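What follows is a short report on a single structure.
The values are calculated or read from the model by the stated rules, or taken from the named source; none is laboratory data. Nothing here was measured: the structure is a model prediction, and the numbers come from that model. In this analysis, Cβ positions are derived from the backbone assuming ideal geometry, glycine residues included, and neighbour counts consider all displayed protein chains. Quick note on the areas: whole protein, heavy atoms, side chains included, nothing else; ligands and nucleic acids left out. Shrake-Rupley method; radii C 1.70, N 1.55, O 1.52, S 1.80 Å.
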Amino acid sequence: MSIGIMQPYFFPYIGYFQLINAVDIFVIADDLHYIKNGFINKNSILLNNDAFKISLQLKGASQNKLINEIEVGENASQLLETIRRTYRKAPYFDDVFPLLESIFLSKEKNLARYLGNSLVKICKHLDLEAKVVYSSEIEKDNNLRLDERIYDVCKSLKSTHYVNSIGGQTLYSKEVFLKHGIELSFIQSNEIIYEQYNNDFIPKLSIIDVLMFNSKSNITEMLNAYHLV
């Protein structure tokens, strides 16, 4: 049984969904502290042939609060309109925009649940089969250091294989994980390029961009364009 653990991000780039695709259980780390200027409520879309930052308004956001202690603000409909104007001529706009409407206009106000619901809906749209759970619902010792909390989560979920993003190579040791009976792998994405209005390709934009310009079958190929190291 393999698991991945990530903070919930706002329409993350496709590498995030590759991680979900690579595991049996994906844990949304909603009980970690909010990080200002990260991807929890921000991302980039394509606008005027360049990356354009969009930011979900929050209420009571603070790095002293956990992600699941923060509420969503009031600008979701404005962001949705920006996306509509930006991508209305994209080849898969008609298929994707109703999905985005159902996500952006959700009545959910808790930030962690709002983001979690969006991840689940996108996973369902892309036929990803990993079970999605919230870290706050898993029995564990929240006073442990981050690496020790991972061991604890793996134990609670009866997992012997932890898959982390490639950046985790500087943080975690395979040898140390093995001492806890856990195989540690890092997901290395292959290069992903696709057509964006016949312009120069802008990489690592939000999954929104991927959805707008690619068929589901092409996205499935992208989701499998990785290897574990």
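Reported to the nearest whole Å, the Cα centre-to-centre distance from the stretch 146-210 to the stretch 54-132 is 22. Residue-wise HN-Hα couplings along the stretch 66-78, as the Karplus relation 6.51 cos²θ - 1.76 cosθ + 1.60 with θ = phi - 60° gives them from phi, are 6, 4, 7, 10, 10, 10, 7, x, 10, 9, 4, 5, 5 Hz; Gly and Pro carry x. Across the chain, the convex hull enclosing all Cα atoms gives 118 Å³ per residue. Cross-link partners of Lys204 among aspartates and glutamates, defined as those whose alpha carbon lies under 12 angstrom from its own and excluding same-chain residues fewer than eight positions apart: Asp50, Glu191. A cut-off of 5 Å between modelled amide H atoms, ignoring neighbours fewer than 5 places along the same chain, links Val132 with Phe26.
Shape analysis of the stretch 97-229 places it in the oblate category; the axes a ≥ b ≥ c from the Cα gyration tensor give an a/c of at least 1.5, with a/b not above b/c. Taking the Cβ-Cβ separation of Asn143 and Lys36 as r and a Förster radius of 25 Å, what is the calculated FRET efficiency to the nearest 0.05? Computed FRET efficiency for Asn143 and Lys36 comes out at 0.60.
Rounded to the nearest 500, the 222 nm mean residue ellipticity of the chain from helices alone is -10500 deg cm²/dmol, with -39,500 (n - 2.57) taken per DSSP H run of at least 4 residues. Bridgeable lysines around Lys124 (alpha carbons under 16 Å apart, same-chain partners fewer than 8 residues away excluded): Lys216. Each residue was assigned an accessible area with a 1.4 Å probe, and for Arg84 the value is about 80 Å². For a straight C-alpha distance cut-off of 25 angstrom, the lysines reachable from Lys179 (same-chain residues fewer than eight places away being disregarded) are Lys140, Lys155, Lys158. Pop out the carbon and sulfur fraction of the accessible area of the stretch 1-52 as a percent, whole number, probe 1.4 Å. Carbon-and-sulfur percentage of accessible area, whole number: 52.
Computed from label points 7 Å out along Cα-Cβ, the spacing between His227 and Asp127 is 2.6 nm.
In this structure the amide hydrogen of Thr160, modeled in the peptide plane, comes within under 5 Å of no amide hydrogen from residues 5 or more places off or on another chain. With every protein chain in place and a 1.4 angstrom probe, the accessible-area ranking of Leu32, Leu228, largest first, reads Leu228, Leu32.
The phi-based Karplus calculation (6.51 cos²θ - 1.76 cosθ + 1.60; θ = phi - 60°) puts the 3J(HN,Hα) values of the stretch 137-146 at 9, 9, 6, 6, 9, 6, 8, 6, 5, 4 Hz, whole numbers, x for Gly and Pro. Against the criterion of solvent-accessible heavy-atom surface with a 1.4 angstrom probe, Phe52, Phe39 sort, most first, into Phe39, Phe52. Here the relative contact order of the chain, from alpha carbon pairs under 8 Å that lie six or more residues apart, stands at 28 percent. Ligands, DNA and RNA are left out, and with a 1.4 angstrom probe the accessible area of the chain is 51 Å² per residue.
Converting phi to 3J(HN,Hα) with the Karplus coefficients 6.51, -1.76 and 1.60 and the offset θ = phi - 60°, the stretch 111-122 yields 4, 4, 6, 4, 5, x, 4, 5, 5, 5, 5, 5 Hz in sequence order, with x at every glycine or proline.
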